[in-house]
Amino acid sequence: MDHTAYDKNLSDTTAWSASDLEQMARRDISIDEIHRQLEIFRRPAPVTRLERPCRLEDGILKVREEDEEKLIGEWRQLANSGRLAKFVPASGAATRMFRDMKTALQGLTDGSIESTDSELMHRLASALPEFPFWERLQAVSSTGEPSFELVPGREKVRQLLVSLLEHSGLGLATLPKGLIEFHLYESGPRTAFVEQLLEGTSYLAAEGGTCRFHFTVSPEHMASFEEALTHAAPMIERQTGMKLEVSFSTQSPSTDTLAVDLENRPFRLESDELLFRPAGHGSLIENLHRFDGDVVFIKNIDNIAPERQHADSGHWKRLLAGKLGQLQRNIFGLAHRLELACTDQLVTEALDFLRDELSVQIDRDSLAPDLLTRRKEVLDLLDRPLRVCGVVRNEGQPGGGPFWVHQPARGLTCQIVEAAQVDHEDPSQEEIWSSSTHFNPTDLVCGLRNRKGEPFDLSRFIDPEMSFITEKSHEGRPLRALERPGLWNGAMADWNTVFVEVPLSTFTPVKTVFDLLLPEHRTQRPDSA
C-alpha cells in the first residue's frame with residue numbers, strides 16, 4: 001500500500017485499505033474523525049494563556065462557618081429528592097503504584113541489587129509486613145513463613161516480590177487500583193472500591209435512602225468488580241442502613257485515537273494493522289453522559305481515606321453539593337425570568353450574577369447591541385453544565401490547579417489548568433503558574449441537567465483544542481499518541497465553574513504503594529486492639 005496517499009487526501013476513503021476501514025468501523029470511528037486526529041498531530045500544540053491564579057475571594061470561595069447550616073439544608077433537599085450520585089473513574093491499572101517494587105524485583109533478579117544492607121532492601125524489609133495485603137501475601141508466598149525478620153535474605157525478598165506482583169501470586173501490579181487492599185480493619189483488609197462505596201453512603205442520600213454509584217472499569221476486570229460488589233454490598237447495607245445501586249461501564253472503543261509514527265503517519269503493526277490507543281481520562285466524558293445522572297460527585301478511585309475520616313470528607317461533600325444546589329436554583333430562576341421578560345434590567349442582573357457568582361467576566365461591549373439577541377447570549381451563558389470544585393492549599397503537589405483564563409466566547413473564566421497546558425518557557429506564564437496557591441484534588445460535584453430536567457449534551461461543552469500529544473512506544477518502536485481533553489479541564493472547559501476551598505484532610509491519594517503507610521491511611525491493626 002502506498003502510504004504517501006495519506007498526504008494527498010486524508011479524508012478520501014481510497015487512501016485507506018479495506019482492512020483499515022473495517023478497523024475504524026469496528027470502533028465506530030469515522031473517516032472525518034481520523035482526519036481530525038491526524039491534523040492535530042501536524043499542528044503546533046496549543047497553550048493556555050494564564051491571566052492570574054485563582055485565590056481566596058478572587059475565584060475561590062471560602063465557606064464561612066455561619067453559612068454551613070444553610071448549605072447543609074440545600075444538600076438535604078438534593079438528598080431527599082434522590083438526585084445525587086457518585087461517578088468514580090476506576091479503570092486505571094496499579095502499574096505506577098508498584099513501580100519501585102517492580103524495579104527492586106528486576107534488580108534482585110538480574111543481580112544489580114547485591115547487598116542485603118542496601119537502602120531499598122531495608123525499606124522493603126520494614127515496609128512489607130505493614131501493608132494491608134501482608135497476610136494474603138504470606139499465604140501465597142513460596143517462603144511459607146508466618147513472620148518476616150527485620151533484614152531478610154535477598155532471595156526471600158525476591159520471592160516475596162514475585163508473589164506480590166506477578167500472576168503466580170497476588171498479581172497486584174496487574175490489577176486496577178480499585179481492587180487493591182488500601183486499609184486494614186479488625187474484620188480484614190478493605191479495597192479502594194469497597195471504601196469508596198462506604199464513604200459515599202455518608203452524603204449520597206438521606207437516612208435509609210438509596211445511594212447511586214457508577215464506576216468506569218476495564219473490560220477484563222468487570223467480573224472482579226461485580227464479584228467484589230456481591231460480597232461487600234450486604235455488609236455496607238447492614239452497617240449503614242442505606243441501599244446501594246451500583247452500575248459499571250467501560251471506555252468506548254469509539255473514543256480511542258489513532259497512533260502515529262514520528263513523521264505523523266499512521267502507526268502500523270507488523271501485521272500492517274493500524275494502532276489505536278485509549279485516549280486518556282478525557283474519554284470518560286462520554287461515560288458520564290451515558291450515566292444519565294443529575295447531580296453527580298466525581299472522585300478518583302485512589303483518593304479515599306479510612307473509615308475514621310469518612311465523617312469529615314462526607315461533611316465537605318455535603319457542603320459542595322449544597323453550594324451547587326444553591327447556585328443551580330438561582331440560575332434556573334434567573335433563566336426562567338429572562339424567558340418570560342426581556343428587559344435591560346434583567347439582562348444586567350444576569351451579567352452581574354455571572355460575574356459575581358460564576359466568575360464569568362464577559363466583556364459587555366462584545367455582546368449584541370439589540371436586546372433580544374443580547375438576552376439570548378446571556379441565556380446561553382447561564383444554560384450550561386455546572387460544577388463546584390473543591391480545591392486544597394498547594395503544598396507542592398504535582399498536577400493542575402485553578403486559574404483565571406481568557407476564553408474567546410466567554411471572556412475571563414475560572415478553569416482547572418494542568419502543567420502540560422502552560423508555556424513554561426514564557427517567564428510571565430511560569431511566574432503565574434508558580435504563584436498558584438491552590439491545587440486540584442479532583443473533588444467535584446456536577447449539575448448535569450438543565451432547568452427542565454433534561455440532560456445536557458456534554459459533548460457540546462468540550463474544548464477540542466485542549467487535546468495533547470504524548471511520546472510512547474509499542475513493540476520497541478517510538479510513536480506519538482493523542483489524548484483527548486482531560487475530564488476535568490478540556491472536557492469541561494465550557495462548563496460554569498465555581499471553586500471552593502476544602503481542607504487538605506479531604507485529599508488522601510495513593511500514587512505509590514508506600515503512600516498506604518502514611519498516617520492518613522493507617523487504621524487500628526487487629527493486634528493493637
Per-pair calculated FRET efficiency, R0 = 56 Å: A311 and E339 via Cβ, rounded to 0.05: 0.85
Cα convex hull of the stretch 158-225, projected area averaged across orientations, nm²: 6.2 nm²
Computed lengthening from D363 to S505, 0.36 nm per intervening residue step minus Cα-Cα distance: 47.3 nm
Rounded percent of accessible protein surface that carbon and sulfur make up, the stretch 178-317, 1.4 Å probe: 50 percent
Paramagnetic reach from A93 in the stretch 192-227 [backbone N under 15 Å; point 7 Å along Cα→Cβ]: 218-222
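What FRET efficiency do you get for T373 and H289 if R0 is 30 Å and r is their Cβ-Cβ distance, rounded to the nearest 0.05?
Values: r = 30 Å, r/R0 = 0.98.
For R0 = 30 Å, the calculated efficiency reads 0.50.
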Cα centre as origin, Lys/Arg/Asp/Glu Cβ charges: the chain dipole, Debye: 980 debye
Theoretical ellipticity at 222 nm over the chain - DSSP helices of four or more residues, -39500 (n - 2.57) apiece, nearest 500: -10500 deg cm²/dmol
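Over its Cα atoms, what ratio of radius of gyration to 2.2 N^0.38 Å does the stretch 175-332 give?
On the way: Rg = 19.1 Å, N = 158, 2.2 N^0.38 = 15.1 Å.
Compared with the compact-globule rule of thumb, the stretch 175-332 sits at 1.27.
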Gained length - E119 relative to T174, 0.36 nm times residue gap less alpha-carbon distance: 17.2 nm
The stretch 66-116, accessible surface, carbon-and-sulfur percent (1.4 angstrom probe): 43 percent
Built amide H within the under 5 Å cut-off of D443, gap 5+: G390
For a label point 7 Å along the Cα-to-beta-carbon line of N330, residues of the stretch 54-95 with backbone N under 17 Å: 57-75
Built amide H within the under 5 Å cut-off of C211, gap 5+: K243, L244, E245
Fully extended contour minus Cα-Cα distance, from D100 to H424, at 0.36 nm per residue: 113.7 nm
Dimensions in Å of the stretch 48-88 - Rg and Dmax from alpha carbons: 15.5, 42
Approximate spin-label separation E186-L518, in nm, with each point projected 7 Å along Cα-to-Cβ: 2.8 nm
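Let's test the formula: R0 of 45 Å, r as the Cβ-Cβ distance of E65 and E166. What FRET efficiency results, to the nearest 0.05? Working shown, then result.
Numbers: r = 52 Å, r/R0 = 1.15.
Taking R0 as 45 Å, the efficiency between E65 and E166 is 0.30.
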Inter-probe distance in nm under a simple model that places probes 7 Å from Cα toward Cβ, at E207 and Q77: 2.2 nm
Pair D110, E33: separation of 7 Å Cα→Cβ label points (nm): 4.0 nm
Accessible surface of the stretch 357-514, 1.4 Å probe, proportion on carbon and sulfur as whole %: 51 percent
Contact order normalised by residue count of the chain, Cα under 8 Å, 6+ apart, percent: 23 percent
Surface accessible to a 1.4 Å probe, per residue, for the residues of the chain, Å²: 45 Å²
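How large is Rg/Rh for the chain, to two decimals, with Cα atoms and a Kirkwood Rh?
With Rg and the Kirkwood Rh in hand, the quotient comes to 0.99.
The values are calculated or read from the model by the stated rules, or taken from the named source; none is laboratory data. Since this is a predicted model, take the numbers as computed values, not measurements. No Cβ is skipped: glycine too gets one built from the backbone with ideal geometry, and neighbour counts run over all protein chains shown. Just so you know, the surface numbers come from the protein's heavy atoms only, side chains and all, with ligands and any DNA or RNA stripped out. Shrake-Rupley method; radii C 1.70, N 1.55, O 1.52, S 1.80 Å.
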